[in-house]
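**Q** This structure is in structure tokens; I'll ask about it shortly.
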Amino acid sequence: MESYLNNLKDAVGRFCWVPFVTMRGSLYLWSCLMKPFVGEQGTEVGEVFELFIHPIRALRPVKMTEPWLLEKHGFLLDKGMCLLENGERLKHTKPGSEALYDIHLSLVAPYDKLVLSHKDKCDLTIDLSEFDKIDDVELCSKGHEYCQVGDAASSWISEVLGREVRLMFSPKKTLAGEDMIIQSLDPVLIIGQASLDAFIVEAGWNVEMERFRPNIVSVKQGAYDDETWQEIRIGSAILEFDHRCTRCAITNVIGGVRTSNTMDDLRRIRPRCENTNKPVFGSYFTVKQTGLVSPGDKIVLIKRRN
């Protein structure tokens, strides 16, 4: 009996580590199996303060207060429509286009209608659900495919602007390959409020965030921190850094008023893009995993840029 107990004690002492190693291995295997479902882990580095989409390029943005879908190519409806003038995509910086700033946009729940308002005209309502029945597709000068929204919408905007333009949308084919719906063409632009605050201090005047047309204004981070993020999670979406946003004369125009201060200060204060020599401000992110994004969502850093 004593010999048996000694042998048992010896075995326990020799192999006491086995259950712990087995448990650790099981936990590691379980974490690997669950990783696709729980997502990547990371560190909280900020928060979504404001969320904007730009349904029509060159017009004012719409501020979103509810969860909004981030699709493969960007936020739902963001920059999916534009104005064409003589086959060229119209920019709000073009001289004589200041009247575009007097047009206000709003989305009507359940967000299948876009309303354009102007002080001198009756509201124009665009039914977004009708975009699935389009026959003609044409190319703009940049090679993008567009379909015309309709004569009524184009005429309404042309009357406000004082010259003829056409309201177009970018088509995305459904799985059937026949019907078309609106799509976004741009990645997601993120600018930190702290970055703008730092720029304001160096510029010496109150620069408005609207000049830079971001999708997401983030807070609770340091100035220009977004330029160090490689991969982030916001809500249920995962985004990956694409490039820093190079700036042009668009930043000199706000509310129909044209100045030169912004670009002068950007050139003086901010780094330049190696390829274009333009100053950079804000960061573009592509969508790695689609999902919903809401104001107040935490920004979780998965990977930092090297």
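**Q** For THR125 and GLN230 in one chain, what is 0.36 nm times their gap in residues minus the Cα-Cα distance, to one decimal in nm? Before the final figure, lay out each step's value.
**A** Numbers: separation 105, 0.36 × 105 = 37.80 nm, distance 3.97 nm.
The span from THR125 to GLN230 would gain 33.8 nm if fully extended.
**Q** Sequence-distant or interchain residues sharing an amide H contact under 5 Å with ALA237, placed H: which?
**A** For ALA237, whose amide H was placed from the backbone, the distant partners under 5 Å are LEU292.
**Q** Also: For HIS118, HIS243, give the ranking by accessible area with the largest first, probe 1.4 Å.
**A** HIS243, HIS118
**Q** Moving to a separate point now. What figure, in Å² to the nearest 10, do you get for the accessible area of ARG247 with a 1.4 Å probe and non-protein molecules left out?
**A** My reading of the accessible area for ARG247 is about 20 Å².
**Q** Read phi for every residue in the stretch 49-56 and hand back ³J(HN,Hα) as whole Hz from Karplus 6.51 cos²θ - 1.76 cosθ + 1.60, θ = phi - 60°, with x for Gly and Pro.
**A** Per-residue couplings from phi come out as 8, 9, 10, 10, 10, 10, x, 10 Hz.
**Q** Then there is this: If amide H atoms are built 1.01 Å from N in the plane of the peptide, which residues on other chains or at least 5 residues away come under 5 Å of the amide H of GLU71?
**A** LEU76
**Q** Please state the shape class of the stretch 192-298: rounded when a/c is under 1.5, otherwise prolate if a/b exceeds b/c and oblate if not, all from the C-alpha gyration tensor.
**A** Values: a/c = 1.92, a/b = 1.64, b/c = 1.17.
Here the stretch 192-298 falls in the prolate category.
**Q** A further question on this structure: Which residues among the stretch 217-258 fall inside the zone where the amide N is under 13 Å from a point 7 Å beyond the Cα of LYS303, along Cα→Cβ?
**A** Under 13 Å, as judged by backbone N against the label point of LYS303, lie 229-233, 239-242 of the stretch 217-258.
**Q** Another question, then. With every protein chain left in place and a probe of 1.4 Å, what is the accessible surface of CYS248, to the nearest 10 Å²?
**A** Rounded to the nearest 10, that gives 50 Å².
**Q** Given the Cα-Cα distance of MET209 and ILE250 and 0.36 nm per residue of separation, how much length would full extension add, in nm?
**A** 13.5 nm
**Q** Could you calculate the contour length gain from VAL137 to HIS243, that is, 0.36 nm times the residue separation minus the distance between their Cα atoms, to one decimal place in nm?
**A** Here the answer is 35.1 nm.
**Q** Could you tell me the calculated FRET efficiency between GLU88 and CYS273, based on Cβ-Cβ distance and R0 = 35 angstrom, to the nearest 0.05?
**A** Efficiency computed from Cβ-Cβ geometry: 0.90.
**Q** Of LYS63/LYS91; LYS63/LYS303; LYS63/LYS94, which sit over 26 Å apart, Cα to Cα?
**A** Correct reply: LYS63/LYS303.
**Q** Here is a follow-up. For TRP229, list long-range residues whose amide hydrogen, built 1.01 Å from N in the peptide plane, is under 5 Å from its own amide hydrogen.
**A** Amide H to amide H, under 5 Å and 5 or more residues apart or across chains, TRP229 pairs with ARG305.
**Q** Another one. So if we plug the beta-carbon distance of THR43 and VAL219 into 1/(1 + (r/R0)^6) with R0 = 22 Å, what FRET efficiency do we get, rounded to 0.05?
**A** Calculated transfer efficiency: 0.85.
The values are calculated or read from the model by the stated rules, or taken from the named source; none is laboratory data. The structure presented is a predicted model; accordingly, all values stated were derived computationally and were not measured. Here Cβ is always computed from backbone atoms with ideal geometry, including for glycine, and neighbour counts include all displayed protein chains. Protein only, heavy atoms only, side chains kept; ligands, DNA and RNA dropped before computing areas. Shrake-Rupley method; radii C 1.70, N 1.55, O 1.52, S 1.80 Å.
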